[in-house]
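See structure below.
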Amino acid sequence: MLLNLENSKVPMKLIFLLSEELKAKPEQIRLTQELTLDESRPYMGLKGTNGLFGSQEWWNNINQGKIPLQYVSGVITRTYVAGQDPSSVDNCFSLLLDDGSIREESIYDYINKEDKKLFQIGSKVEIVYALDELKRRDSNGEKCYLDIVLEMAVSLKPIE
């Protein structure tokens, strides 16, 4: 586990592990890897610089620090419905980060119903992302990265 929840000042629950999600949905690995390997789509998908998504090589490169990680921590300021689905169930949240910036994030459909209840205004959230290089470059020719959620934890109750 990459998140160090034992040292958290508030009780946290790990609610998402990409490694477990991929075990349950191996098709996601196959589709992502196919796009990486598809030379007819030079601007779509991951570049595969540090291994194909979800492969043992990819996980090893995460653990060895070859794929950069980004740790984000903050407090939920709002939850809301995003997208065209007329569902009345909130599926996104705004996270006030420790540096004062706001980040928008999703509440994944596959998170169990009880854990979804933890996403409340004032709840603390910790996320670790892998920054995996994309095939495409930005308008200045610089590398672009996809931030892939590896782990997510939420406080057991609001802290504010």
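Odds and ends about this structure:
Okay, residues lined up against (1) within 24 Å of Met1 (Cα to Cα); (2) in contact with a strand residue (DSSP E or B) (Cβ under 7 Å, 6 or more places away or on another chain); (3) at pLDDT below 95; (4) not acidic (Asp, Glu):
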position	(1), (2), (3), (4)
Glu21	yes, no, yes, no
Arg41	no, no, no, yes
Trp59	yes, no, no, yes
Val89	no, no, yes, yes
Ile102	no, yes, no, yes
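- Subset of segment 80-129 that is in a loop (DSSP other than H, G, I, E, B) and among the small types (Gly, Ala, Ser) - its residue that is surrounded by the most Cβ atoms within 10 Å (Cβ to Cβ): Ser123
- Residue list for segment 95-118, restricted to those being farther than 24 Å from Ser19 by Cβ and among the β-branched types (Val, Ile, Thr): Ile102
- Taken as a whole, the structure places Leu134 among residues that are assigned to a strand (DSSP E or B), closer than 30 Å to Asp38 by Cβ, out of contact with any Asp or Glu (no Cβ under 6 Å at 6 or more places or on another chain) and of a type outside the set (Lys, Arg).
- When residues of segment 117-132 are limited to those that are touching a residue at least 12 places away in the same chain (Cβ under 8 Å) and over 13 Å from the mean Cα position of the chain (by Cα), the one farthest from Thr77 (Cα to Cα): Leu118
- Filter result (surrounded by 12 or more Cβ atoms within 10 Å (Cβ to Cβ) and in a helix (DSSP H, G or I)) within segment 38-70: Glu57, Trp58, Trp59, Asn60, Asn61, Ile62
The values are calculated or read from the model by the stated rules, or taken from the named source; none is laboratory data. For clarity, every value in this text was computed on a predicted model and none was experimentally measured. Here the Cβ is made from the backbone with ideal geometry for all residues, glycine too, and neighbour counts use every protein chain on show.
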